[in-house]
Number of protein chains: 2
Amino acid sequence: MTSHQQAVDALRDLLGDRLSTGPSILDLHGRDAAYSTPRAPDAVAFPDSTEEVSEIVRICARHGCPVVPFGIGSSLEGHVIPVQGGISLDMSRMNRVLKVNERDLDAVVQPGVTRTQLNRELRATGLMFTVDPGADATLGGMASTRASGTNAVRYGTMRENVLALTVVLPDGRIIRTGSRARKSSAGYDLTHLFVGAEGTLGIITELTVRLFGVPERIHAATCAFEDVESAVDTVILAIQSGLPMARIELLDDFQMKGMNLLSPELDLPEKPHLFLEFHGTEAGVGEQVETFRDIAEAHGVSDFRTATRTEDRNRLWEARHNAYFAAKALMPGCSAVLTDCCVPISALAECIARAKSEIASSGLIAPIVGHVGDGNFHLSILIDPENPDDFARAKDLATRINAAALDLGGTVTGEHGVGTGKMRYMRAEHGEGWDLMAQIKRAIDPANIMNPGKIVEA
Amino acid sequence: MTSHQQAVDALRDLLGDRLSTGPSILDLHGRDAAYSTPRAPDAVAFPDSTEEVSEIVRICARHGCPVVPFGIGSSLEGHVIPVQGGISLDMSRMNRVLKVNERDLDAVVQPGVTRTQLNRELRATGLMFTVDPGADATLGGMASTRASGTNAVRYGTMRENVLALTVVLPDGRIIRTGSRARKSSAGYDLTHLFVGAEGTLGIITELTVRLFGVPERIHAATCAFEDVESAVDTVILAIQSGLPMARIELLDDFQMKGMNLLSPELDLPEKPHLFLEFHGTEAGVGEQVETFRDIAEAHGVSDFRTATRTEDRNRLWEARHNAYFAAKALMPGCSAVLTDCCVPISALAECIARAKSEIASSGLIAPIVGHVGDGNFHLSILIDPENPDDFARAKDLATRINAAALDLGGTVTGEHGVGTGKMRYMRAEHGEGWDLMAQIKRAIDPANIMNPGKIVEA
Ligand SMILES: Cc1cc2nc3c(=O)[nH]c(=O)nc-3n(C[C@H](O)[C@H](O)[C@H](O)COP(=O)(O)OP(=O)(O)OC[C@H]3O[C@@H](n4cnc5c(N)ncnc54)[C@H](O)[C@@H]3O)c2cc1C
Ligand SMILES: Cc1cc2nc3c(=O)[nH]c(=O)nc-3n(C[C@H](O)[C@H](O)[C@H](O)COP(=O)(O)OP(=O)(O)OC[C@H]3O[C@@H](n4cnc5c(N)ncnc54)[C@H](O)[C@@H]3O)c2cc1C
């Protein structure tokens, strides 16, 4: 009997039918939302509590069996795939909002709570949780990939929005990091070590996250430009002039074409667009919109449409959140290779220009969409999954664009994370810093059981 | 010859007269700005470059000789005191602003640059660096203590304001962490690991920090209340209602008495005060001030004075930055034991109430001042340095107040850091998380040469 099998048997004693080896469950936990080679886990465990997670980890540690945390599996770089087999730890049953501290603008949640669930439960409070990746991801998964979304330019990413964590370490110890105090200088910043660690250092079993008051006034808008350059220059100037944009998203003409296929009700011209949102007081939002329009008009904006009714706004942002699927709609049956560069805002125009010229010479279709207020944009490079040549060309295109981002002082991943897919860039991005990451991994997880094969070579 | 002496000899060959063993230099590098037992280093090194710091560290590592980084020594918990002897590494010669990226709102600086120096060099740009501890500290020291100041409620602490670092590791390797991109998910967050590490994991030799545009309109104000409770309740309501206060500082009646001794030109009534600042557009600031006044009036505010002229504002904040010395002016010749609690804002009133009742029963004088918008406040517990009984009572008072802060879900240090002075609280605050910190320390600095005896027991 293999050591994995021994772990599975011991876990069955602990969990009963909350340990599954059903083929469809295994299959579901062996793939992610993008283009990685699937591999099924030996079993999927569905824990109910922090203490149970600790028990599970102790059992797996005893048998040297890998543990791969699983939120909803919406990550895009092979994160959740158990490349060395082992246990997929599905957090979906730990999905309760434990406490909303309205007076402190924070909430304590279990890791399986999703972003839309949390906002639904907050509805009566006048508060909101702001981080919004396109997928309805879990907060544990989002913390672990250091996720962000359309609001990050104003309200920050998971890096800024996680205040405290409960974590089960690879030896089963349970620790609490951070506190509900807004700042602290009490030693090493363990919270930020686990945020973005992709489950390689431990399992997050509880999170305290920041909330914000729903602004008095919300004003959404879309506007079209003749070319991507004009749209990007508008963004750069808006950010540099200190406009507190709540959302400022770029969609190029290809992306808009896909969007019209998927969300025809929006009926927007197939030109490069910015999708915008302004938050503030009545007067403040008025000022912001005016300043923004002045900047946009200097860059030849056309078709400035506003959406102030809640349902119109929701429709707009739902379409934006589905941008990945809209891009894929351009080529039925396609797969997509994604890039996730993020550069200093001053380099954004240059980086996108280089990307566009690389796309042109590749002959591939690759719509561009991005959280451009942060300097972050994605290509969805569309490929025929049956055509291995397509995949090679897409990887080559991604490599060139990532090299450009590093060359311009940026990062190859603004928000998706490393998983297995982006490991090949880590040496170029971090130099010897990558070795230090591996040193930390080995110190915390010497047996390398926590999501092995991701982020570092341990 | 001891190993420390061997290191000193080798360093002299490298540095010439930039290695000092002069008694007054040693003395200066063997004490901090508060109440810790002095101990001189074996020598003080004044490096000029990252490469030289790396050389120094390699030499010290070879001889097992401690290295204690030194900014300007304004920290308050014994941080810079070489408790095991060794080399004090004075960063004051590495004091150049290397680059201001106006279009990206960031600056690259050497660690010996001070906060006022950076702002002086930024004057022509319309940009500002916002973190402002009372002392004119170095940015390397501020990053290493995760410092904050009066603006943190709006612009964040060093945690939010450091984007990237160059660090010399305990074995001499040089790494770069982070990048100038505003966000990244490329692996473990090494930047945040070094921010707040108090020189125990390596030496920061370059920092990229965030800048903000100087707001169109700045409006400062002071206002008095009948009691501390009313002032604190005003703060809590202002923060909870989402007012984007740029500064909101509490000074109790004792603190105001001291301030009138040190800064009589302010001529403010000796009642509990809030010192305020509002940043924004002309219209935005008008709105903010109005909303704030409504809240304050509901809490019996009196003597609302505004300061819009730059020189009046500067005078006000200079007085605030000297609050520590103002407190000490109440008892000529005294020393002070400081507390630095930070609690969730909903617990602030309760925590300050408990502190005041503990002060009353202690019979000691302990003015209260604080960055209350963050839930952070300080007691300066005044003691006669000749009277050991005073010191014991002060420590006892501090212990009780820190216990209250932990009990209320807070931290014993919101911004000053651990050093040696706050180590005795770490177990209570972090539980087994403190062991994890020690594990990380041992992984990165196995020989324990970087500022040994601080934060963790390695
Ligand atoms: C259509 C679409 C749009 C997207 N848009 C965005 C976007 O705008 N911004 C963005 O940042 N991402 C985006 N993503 C990617 C994805 O949604 C994020 O990476 C998200 O954070 C993943 O959350 P999840 O719950 O699906 O986690 P999973 O994919 O299940 O897991 C992600 C990683 O975290 C680990 N993990 C999960 N839970 C825990 C836990 N409790 N403790 C420790 N480790 C854990 C896993 O092991 C894995 O390494 C998008 C994905 C899709 C499909
Ligand atoms: C009057 C007064 C008011 C104050 N007000 C505040 C306040 O409002 N907020 C606040 O946060 N603090 C405050 N402080 C405390 C102090 O100013 C801060 O802790 C500051 O960050 C220390 O900076 P420094 O340059 O003096 O560092 P130092 O005291 O020289 O060093 C601090 C720590 O950082 C390490 N260190 C220094 N440079 C480096 C480097 N380059 N690389 C690695 N490690 C390094 C040292 O080893 C030490 O552990 C105040 C102090 C005084 C005296």
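The values are calculated or read from the model by the stated rules, or taken from the named source; none is laboratory data. This one's a predicted model, so the numbers in the text were calculated from it and none came from an experiment. Quick reminder, even Gly has a Cβ in these numbers, built from the backbone with ideal geometry, and neighbours come from all protein chains shown. Note: areas computed on protein heavy atoms with side chains; ligands, DNA, RNA excluded. Shrake-Rupley method; radii C 1.70, N 1.55, O 1.52, S 1.80 Å.
Apart from one condition, A:Ala355 fits all of (1) open to solvent by 40 Å² or more (accessible area, probe 1.4 Å); (2) of a type in the set (Gly, Ala, Ser); (3) closer than 25 Å to A:Asn322 by Cα; the exception is (1).
Apart from one condition, A:Val214 fits all of (1) surrounded by 24 or more Cβ atoms within 10 Å (Cβ to Cβ); (2) within 12 Å of chain B (Cβ to nearest Cβ); (3) in contact with a Gly (Cβ under 7 Å, 6 or more places away or on another chain); the exception is (1). Residue selection: A:Ser24 satisfies the criterion of being assigned to a helix (DSSP H, G or I) and open to solvent by 30 Å² or more (accessible area, probe 1.4 Å). Just one residue in the set B:Ile248, B:Ile236 is under 15 Å from B:His371 (Cα atoms), within 14 Å of chain A (Cβ to nearest Cβ) and part of a helix (DSSP H, G or I); that residue is B:Ile236. When segment B:251-289 is filtered for residues that are out of contact with any Leu (no Cβ under 8 Å at 6 or more places or on another chain), under 19 Å from B:Val153 (Cα atoms) and within 14 Å of chain A (Cβ to nearest Cβ), the ones remaining, listed by number, are B:Phe278, B:His279, B:Gly280, B:Thr281, B:Gly284, B:Val285, B:Glu287, B:Val289.
Tell me, which residue of segment B:380-404 that is of a type in the set (A, V, I, L, M) and more than 25 Å from B:Asn322 (Cα to Cα) is modelled with the lowest pLDDT? Among those that are of a type in the set (A, V, I, L, M) and more than 25 Å from B:Asn322 (Cα to Cα), it is B:Ala392. Scanning segment B:49-74 for residues that are open to solvent by 60 Å² or more (accessible area, probe 1.4 Å) and more than 26 Å from B:His416 (Cβ to Cβ) yields a count of 4.
Any residue at all in segment A:148-160 that's more than 14 Å from ligand 1 (Cβ to nearest atom) and either within 13 Å of another protein chain (Cβ to nearest Cβ) or surrounded by fewer than 24 Cβ atoms within 10 Å (Cβ to Cβ) (or both)? Yes, segment A:148-160 has at least one match.
So which residues in segment A:105-120 are among the charged types (D, E, K, R) and open to solvent by 10 Å² or more (accessible area, probe 1.4 Å), if there are any at all? The answer is A:Arg115, A:Arg120. Residue count for segment A:404-426 satisfying the condition of being open to solvent by 10 Å² or more (accessible area, probe 1.4 Å), facing chain B (nearest Cβ under 10 Å) and closer than 30 Å to A:His4 by Cα: 2. Within segment A:121-133, is there a residue that is away from every other protein chain (no Cβ under 11 Å), open to solvent by less than 20 Å² (accessible area, probe 1.4 Å), out of contact with any helix residue (DSSP H, G or I) (no Cβ under 7 Å at 6 or more places or on another chain) and more than 12 Å from ligand 1 (Cβ to nearest atom)? Checked segment A:121-133: at least one residue is away from every other protein chain (no Cβ under 11 Å), open to solvent by less than 20 Å² (accessible area, probe 1.4 Å), out of contact with any helix residue (DSSP H, G or I) (no Cβ under 7 Å at 6 or more places or on another chain) and more than 12 Å from ligand 1 (Cβ to nearest atom).
Set side by side, the residues B:Ala61, B:Ala143 differ, and just one is assigned by TED's automatic domain parsing to the domain that holds B:Ala33, away from ligand 1 (no atom under 16 Å from the Cβ) and within 18 Å of B:Pro47 (Cβ to Cβ), which is B:Ala61.
Taking segment B:170-191 as the range and being assigned to a loop (DSSP other than H, G, I, E, B) and facing chain A (nearest Cβ under 7 Å) as the test, the residues that pass are B:Arg173, B:Ser179, B:Arg180, B:Ala181, B:Arg182, B:Lys183, B:Ser184, B:Ser185, B:Ala186, B:Gly187, B:Tyr188, B:Asp189.
For A:Thr411, the conditions (1) touching an Asp or Glu at 6+ places or on another chain (Cβ under 8 Å); (2) modelled with pLDDT under 95; (3) within 16 Å of ligand 1 (Cβ to nearest atom) are fulfilled apart from (2).
Residues that are away from chain B (no Cβ under 14 Å) and touching a residue at least 40 places away in the same chain (Cβ under 8 Å) were ranked within segment A:99-117; the one that is farthest from A:Ile59 (Cα to Cα) is A:Thr114. Among the residues examined, B:Phe46 does not qualify as under 21 Å from A:Gly187 (Cα atoms), more than 16 Å from ligand 1 (Cβ to nearest atom) and of a type in the set (Phe, Trp, Tyr).
With respect to the stated conditions, B:Phe70 is out of contact with any Phe, Trp or Tyr (no Cβ under 9 Å at 6 or more places or on another chain), away from chain A (no Cβ under 14 Å) and aromatic (Phe, Trp, Tyr). Going by the structure shown, is A:Phe225 open to solvent by less than 10 Å² (accessible area, probe 1.4 Å), within 13 Å of ligand 1 (Cβ to nearest atom) and either within 27 Å of A:Val109 (Cβ to Cβ) or away from chain B (no Cβ under 11 Å) (or both)? So A:Phe225 does not fit the description; no.
The residues of segment A:258-310 that are within 28 Å of the chain's Cα centre (by Cα), charged (D, E, K, R), buried (at least 18 other Cβ atoms within 10 Å of the Cβ) and not in a strand (DSSP E or B) amount to a single one, A:Lys271.
Residues in segment B:88-99 that are surrounded by 18 or more Cβ atoms within 10 Å (Cβ to Cβ) and touching a helix residue (DSSP H, G or I) at 6+ places or on another chain (Cβ under 6 Å): B:Met91 only. So is A:Leu382 under 26 Å from A:Thr37 (Cα atoms) and in a loop (DSSP other than H, G, I, E, B) or not? When the stated conditions are applied, A:Leu382 does not pass them. Of all the listed residues (B:Arg103, B:Arg120, B:Arg182), the sole one being over 25 Å from B:Thr413 (Cβ atoms), at pLDDT below 95 and more than 18 Å from the chain's Cα centre (by Cα) is B:Arg103.
Of the residues making up segment A:444-458, those that are open to solvent by less than 10 Å² (accessible area, probe 1.4 Å) and in a loop (DSSP other than H, G, I, E, B) are A:Asp445, A:Ile449, A:Asn451, A:Pro452, A:Lys454, A:Ile455, A:Val456. Can you find a residue that is within 16 Å of ligand 2 (Cβ to nearest atom), at pLDDT 95 or above and not aromatic (Phe, Trp, Tyr) anywhere in segment A:202-221? Looking through segment A:202-221, none of the residues is within 16 Å of ligand 2 (Cβ to nearest atom), at pLDDT 95 or above and not aromatic (Phe, Trp, Tyr).
To keep it simple, each residue is scored yes or no on (1) within 9 Å of chain B (Cβ to nearest Cβ); (2) open to solvent by less than 10 Å² (accessible area, probe 1.4 Å).
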{"residue": "A:Asp374", "(1), (2)": "yes, no"}
{"residue": "A:Ile383", "(1), (2)": "no, yes"}
{"residue": "A:Phe391", "(1), (2)": "no, no"}
{"residue": "A:Ala428", "(1), (2)": "no, no"}
{"residue": "A:Arg442", "(1), (2)": "yes, no"}
